[in-house]
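Worksheet: the structure to be examined is printed underneath.
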Amino acid sequence: VTQLTSDNAQDAMPVISPDGSKIAFASDRAGNWDIFVMPITGGRAVQVTSDLADDVHPSWSPDGRQLVFSRRGQMTGRWEMWTADIANPAVASFIGYGLLPQWCPVGAMGQEGSERILFQLGRDRGSRTFSLWTVDVAQGSASNLTEIASSTNTALIAPAWSPDGQWVAYTEVPINPQASTESRPAWAAIWMISSGGDSRVRLTDSSSLSLSPVWAGNNRLFFVSNRSGTDNIWSLDVSPAIQSARAVQPAGNSAVAHKPTPAAHKAVSNPETHAAPAHETEHLATVPEVESDHH
């Protein structure tokens, strides 16, 4: 374990660049939340954004030249999505409203060779009824806004691309309007859906809290779960789930998510058998202003 920052500010939401040489992160060291970039080994951090609004949740473009991030709009009061060029961060482009934008790790996945960005968006302004969307981006302009997963009684949050850009893992949590923004949900389950939204498979059950999925190589997913009684990091081989989803995937590229068939559920091995506890994780400092909008 190597400590990379040591100032008195809060440094959070780190993401490693595609070539593994840099880390982008959010920090309030300049008075409000901004995006910074630093070498993977630590050292001087370069400030990328300097807007008076809060900028959080950075994500790298596949070529490592740009970042997409969420900005709390001062005029709108909504979470906006912006892209910025690392070499010229003064020029940033607004691409729409949303939270936790995730740049597809594979380039030219959008229409006519554009880039594709995944994010979560509330169905109603200020609500927690989040669904998952993608948008195509080319030269700072957005197009082809597509909802790939939604639910009428739960929130779909924290989406994450697979390394090949073909699948999306996300967390489903119940909606409780009476719960405080700081309370944890009664349960949380992780699902996987194709990038076109036409086939999905449930990866964990709802008997515990399973959160924050992150993809690694060889179809392995890492996530946080309290299934052992406390929060720990777990890993799961999703190869059976991918095979199952492909088996029931309809022809074409529909943007409507289909419920998995019983055969699809049966084809996925019990997550408990695949999940293997890794290193225990400490509770990280939270950012309430951001957490309240995506949990």
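A few points about this structure:
- From the list Thr152, Thr146, the one residue that fits, being of a type in the set (Ser, Thr, Tyr) and either buried (at least 16 other Cβ atoms within 10 Å of the Cβ) or not in a loop (DSSP other than H, G, I, E, B) (or both), is Thr146.
- Here Ser183 meets the list (1) over 20 Å from Pro58 (Cα atoms); (2) surrounded by 13 or more Cβ atoms within 10 Å (Cβ to Cβ) almost entirely, failing just condition (2).
- Strands (runs of 3 or more DSSP E) fully within the stretch 158-213 counting 3 or more residues that are modelled with pLDDT of 95 or more: 167-174, 189-194
- The condition (being modelled with pLDDT under 95 and among the acidic types (Asp, Glu)) is satisfied by just one residue among Asp63, Asp51: Asp51.
- Note on the stretch 198-249: residues that are under 15 Å from Thr171 (Cα atoms) and under 16 Å from the mean Cα position of the chain (by Cα) amount to 10.
- Any hit, the stretch 248-262, residues being modelled with pLDDT of 50 or more, part of a helix (DSSP H, G or I) and surrounded by 16 or more Cβ atoms within 10 Å (Cβ to Cβ): yes
- The set of residues from the stretch 117-142 being farther than 25 Å from Gly77 by Cβ, in contact (Cβ under 8 Å) with a residue 24 or more places away in the chain and open to solvent by 40 Å² or more (accessible area, probe 1.4 Å) comprises just one member, Ala138.
- The stretch 69-95, residues that are open to solvent by less than 80 Å² (accessible area, probe 1.4 Å) and of a type in the set (A, V, I, L, M): Met81, Ala84, Ile86, Ala92, Ile95
- Leading residue by the ranking (nearest to the chain's Cα centre (by Cα)) among those in the stretch 86-103 that are part of a loop (DSSP other than H, G, I, E, B) and closer than 24 Å to Asp19 by Cβ: Ile86
- Output for the stretch 97-116, where each listed residue is surrounded by 17 or more Cβ atoms within 10 Å (Cβ to Cβ), of a type outside the set (Asp, Glu) and in contact (Cβ under 8 Å) with a residue 40 or more places away in the chain: Leu99, Leu100, Pro101, Gln102, Trp103, Cys104, Pro105, Met109, Arg116
- Residue count for the stretch 1-29, restricted to those that are polar (S, T, N, Q), touching a Phe, Trp or Tyr at 6+ places or on another chain (Cβ under 9 Å) and either more than 14 Å from Leu67 (Cα to Cα) or open to solvent by 30 Å² or more (accessible area, probe 1.4 Å) (or both): 3
- Test: residue in the stretch 36-54 that is of a type outside the set (Val, Ile, Thr) and under 16 Å from the mean Cα position of the chain (by Cα): no
The values are calculated or read from the model by the stated rules, or taken from the named source; none is laboratory data. This structure is a prediction, so every number in the text was calculated from the model and none was measured. Quick reminder, even Gly has a Cβ in these numbers, built from the backbone with ideal geometry, and neighbours come from all protein chains shown. Only protein heavy atoms, including side chains, enter the accessible area calculation; ligands, DNA and RNA are left aside. Shrake-Rupley method; radii C 1.70, N 1.55, O 1.52, S 1.80 Å.
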